[in-house]
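Asks: Mind looking over this structure? Questions follow.
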């Protein structure tokens with residue numbers, strides 16, 4: 001049962017092959033098995049590739065099954081159309097486009113399987129790329145917020161600088177009136193005289209201005225710090241919202257690109273393996289000698305060809321003979337006096353009718 005199934009997969013004429021030897025049947029069963037298992041590998045490869053894209057298991061299996069049937073039909077067609085001829089060059093010319101198609105199919109099948117075989121290595125490459133993308137994303141987003149944050153921080157420093165400057169001024173006035181009271185500076189008179197009071201009033205006024213400045217600047221600094229906090233919150237929010245896009249950077253194209261960064265030799269061996277599998281039925285037919293099946297198939301095809309050519313030639317001869325007979329018949333009739341007299345009479349009547357009609361028309365016109 002399995003042997004018959006593989007023979008059907010080979011695309012051979014089962015009626016002819018049933019009358020061939022066991023060895024001939026086994027050869028075509030092997031070719032059919034190669035075609036079948038290539039389609040199975042195509043089904044697995046396509047299902048995995050579509051699953052990485054859509055993340056839908058049943059949809060991927062359904063489309064993979066359709067793809068497997070397509071590859072099966074193509075391979076079966078390629079193998080079934082290669083026929084043994086008496087000239088090796090003709091066979092090579094006949095197989096060339098089929099070999100090219102087989103190479104394309106092998107590449108299409110092997111690539112998704114490479115992605116699955118090297119999945120761990122590809123995941124490592126993708127992880128490194130995601131980390132790089134995350135850092136680059138943070139830097140790009142920071143370019144939008146950092147200038148504003150730095151400007152606000154400079155404003156805070158400026159406000160704090162105003163307070164520090166005023167404090168230094170107040171402290172200097174404090175030292176001045178204390179020194180005046182102690183008699184160590186100014187008038188150098190010990191005690192709280194008029195100069196002391198004047199300097200004390202300047203200090204108190206400056207101190208009041210300092211308190212007012214602290215109150216105003218504190219409110220301004222609080223407002224600016226709230227703006228800085230809001231900007232930092234927006235920065236973190238934008239990073240958080242864009243991170244899922246980076247985390248989802250593992251589609252089919254990303255994996256193919258990551259595969260290209262891995263050493264090429266293992267991928268080449270896998271590709272060569274599928275090339276060998278895909279082209280093996282073609283080379284098996286090209287390299288194998290003309291067998292019993294080939295002779296019987298050629299006999300059946302040439303019998304039909306000969307029969308068709310014979311029918312066509314018979315129709316051509318029949319047409320030519322019929323034309324010759326018709327020519328002779330009409331030539332003989334043309335020489336009969338009776339037929340000539342009859343046609344002369346009818347032509348005379350026709351000319352008379354035309355003359356009468358013309359006369360009638362001219363008369364009505366007058």
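The values are calculated or read from the model by the stated rules, or taken from the named source; none is laboratory data. Every value quoted in this text rests on a predicted model; they were computed, and no experiment measured them. All Cβ positions, glycine included, derive from the backbone under ideal geometry; neighbour counts span all protein chains shown.
Asks: So which residues in segment 9-19 are touching a residue at least 24 places away in the same chain (Cβ under 8 Å) and in a helix (DSSP H, G or I), if there are any at all?
Replies: 9, 16, 17
Asks: Which one of the conditions (1) farther than 30 Å from residue 251 by Cα; (2) surrounded by 11 or more Cβ atoms within 10 Å (Cβ to Cβ) does residue 147 fail to meet, given that it meets all the rest?
Replies: Residue 147 satisfies every listed condition except (2).
Asks: Look at residue 4 and say whether it is over 20 Å from the mean Cα position of the chain (by Cα) and outside any helix (DSSP H, G or I).
Replies: For residue 4, the condition - over 20 Å from the mean Cα position of the chain (by Cα) and outside any helix (DSSP H, G or I) - is not met.
Asks: Same structure again: How many residues, within segment 20-65, are outside any helix (DSSP H, G or I) and at pLDDT below 80?
Replies: Qualifying residue count, segment 20-65: 1.
Asks: Residue 284 versus (1) within 29 Å of the chain's Cα centre (by Cα); (2) in the same structural domain as residue 89 (by TED's automatic domain parsing); (3) surrounded by fewer than 17 Cβ atoms within 10 Å (Cβ to Cβ): which is the lone unmet condition?
Replies: (1)
Asks: Here's another thing I want to ask about it. Examine segment 82-103 for a residue that is touching a helix residue (DSSP H, G or I) at 6+ places or on another chain (Cβ under 9 Å), at pLDDT 80 or above, within 30 Å of residue 259 (Cβ to Cβ) and surrounded by fewer than 20 Cβ atoms within 10 Å (Cβ to Cβ), and state whether such a residue exists.
Replies: yes
Asks: Which condition breaks for residue 257 when tested against (1) exposed (fewer than 13 other Cβ atoms within 10 Å of the Cβ); (2) closer than 28 Å to residue 105 by Cα; (3) outside the structural domain of residue 98 (by TED's automatic domain parsing)?
Replies: Among (1) exposed (fewer than 13 other Cβ atoms within 10 Å of the Cβ); (2) closer than 28 Å to residue 105 by Cα; (3) outside the structural domain of residue 98 (by TED's automatic domain parsing), residue 257 violates only (1).
Asks: Output the qualifying pairs, or none if there are none: Cβ atoms under 9 angstrom, residues six or more apart or on different chains, first residue in segment 340-366 and within 27 Å of residue 330 (Cβ to Cβ), second residue modelled with pLDDT under 80.
Replies: Every condition considered, the pairs that remain are 340/334.
Asks: When you check residue 319 against the structure, is it assigned by TED's automatic domain parsing to the domain that holds residue 29 and surrounded by fewer than 16 Cβ atoms within 10 Å (Cβ to Cβ), yes or no?
Replies: no
Asks: With respect to residue 242, is the statement that it is surrounded by fewer than 17 Cβ atoms within 10 Å (Cβ to Cβ) and farther than 30 Å from residue 50 by Cα true?
Replies: No: the conditions fail for residue 242.
Asks: Sticking with this structure for a sec: Hey, residue 279 hits all of (1) under 38 Å from the mean Cα position of the chain (by Cα); (2) outside any helix (DSSP H, G or I) but one; which does it fall short on?
Replies: (2)
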